[in-house]
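What follows is a single structure, written as structure tokens, with notes after it.
The values are calculated or read from the model by the stated rules, or taken from the named source; none is laboratory data. Because the structure is a prediction, the values reported are computed rather than measured. Neighbour counts run over all protein chains shown; Cβ positions are idealised from the backbone, glycine included.
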Amino acid sequence: MRIVGIDPGTGILGFGVIDIIKQTPRLVTAGVVTTPAHTPIDIRLEDIFDSLMEIMTETEPDIMAIEKLFFARNVTTAMSVSQARGVAMLAGRKHGLPIVEYSPNEIKKTVTGYGKADKKQVQEMVRLHLKLREVPKPDDCADALAAALTHHMMHRAAIS
């Protein structure tokens with residue numbers, strides 16, 4: 001199984017693709033899609049969509065795991081993140097992918113064992129689960145990989 005994880009954002013959207021081989025996760029690729037802050041939102045969303053379509057064409061994932069939007073104090077930020085999230089989900093559907101959503105707390109609890117883990121704890125556990133030499137950078141990339149790992153771990157637990 002190949003899983004693409006998405007950490008939605010308008011300025012920086014993280015993605016991470018992992019393969020599951022004999023129940024062991026392996027990194028395929030990871031990175032970020034960035035859009036300039038002063039570019040109109042419709043152009044930024046189109047750039048995100050086009051970039052994700054290209055990434056999915058190149059990596060051919062079987063499923064998308066995306067972080068759910070948590071309540072944000074800044075309404076403007078929440079709206080733009082939800083728009084980027086919708087565009088990412090649309091790109092996944094255009095590739096025929098099933099899409100699963102996980103809350104930030106579900107991701108933290110699944111990856112670290114603690115639902116209130118901080119970013120550094122999540123990043124370190126992503127590094128350990130994927131047997132990487134270094135923590136994936138930037139944070140958005142590690143968060144996307146954490147979403148993908150969450151799906152793997154939840155799926156593995158469900159079939160056990």
Exactly one of L90, L97, L27 is closer than 22 Å to G11 by Cα and touching a residue at least 40 places away in the same chain (Cβ under 8 Å), and that one is L90
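This table checks each residue for (1) in a loop (DSSP other than H, G, I, E, B); (2) among the aromatic types (F, W, Y); (3) surrounded by fewer than 17 Cβ atoms within 10 Å (Cβ to Cβ).
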| residue | (1), (2), (3) |
| --- | --- |
| G5 | no, no, no |
| T10 | yes, no, no |
| L13 | no, no, no |
| G16 | no, no, no |
| L27 | no, no, no |
| V32 | no, no, no |
| T39 | yes, no, yes |
Any hit, segment 103-121, residues being in contact (Cβ under 8 Å) with a residue 60 or more places away in the chain, part of a helix (DSSP H, G or I) and out of contact with any Leu (no Cβ under 8 Å at 6 or more places or on another chain):
no
Residues in segment 128-145 that are touching a residue at least 12 places away in the same chain (Cβ under 8 Å) and in a helix (DSSP H, G or I): how many?
8
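From the residues in segment 103-119 that are small (G, A, S) and surrounded by fewer than 16 Cβ atoms within 10 Å (Cβ to Cβ), which one is modelled with the lowest pLDDT? Steps first, answer last, please.
Kept after step one, since they are small (G, A, S), are these residues of segment 103-119: 103, 113, 115, 117.
Those left that are additionally surrounded by fewer than 16 Cβ atoms within 10 Å (Cβ to Cβ): 103, 113, 115.
Numbers: S103: 95, G113: 94, G115: 88.
Ranking the candidates gives G115 first.
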Residues satisfying the stated conditions in segment 49-102, i.e. modelled with pLDDT of 95 or more, exposed (fewer than 15 other Cβ atoms within 10 Å of the Cβ) and in a loop (DSSP other than H, G, I, E, B)
E60, D62, G96, P98
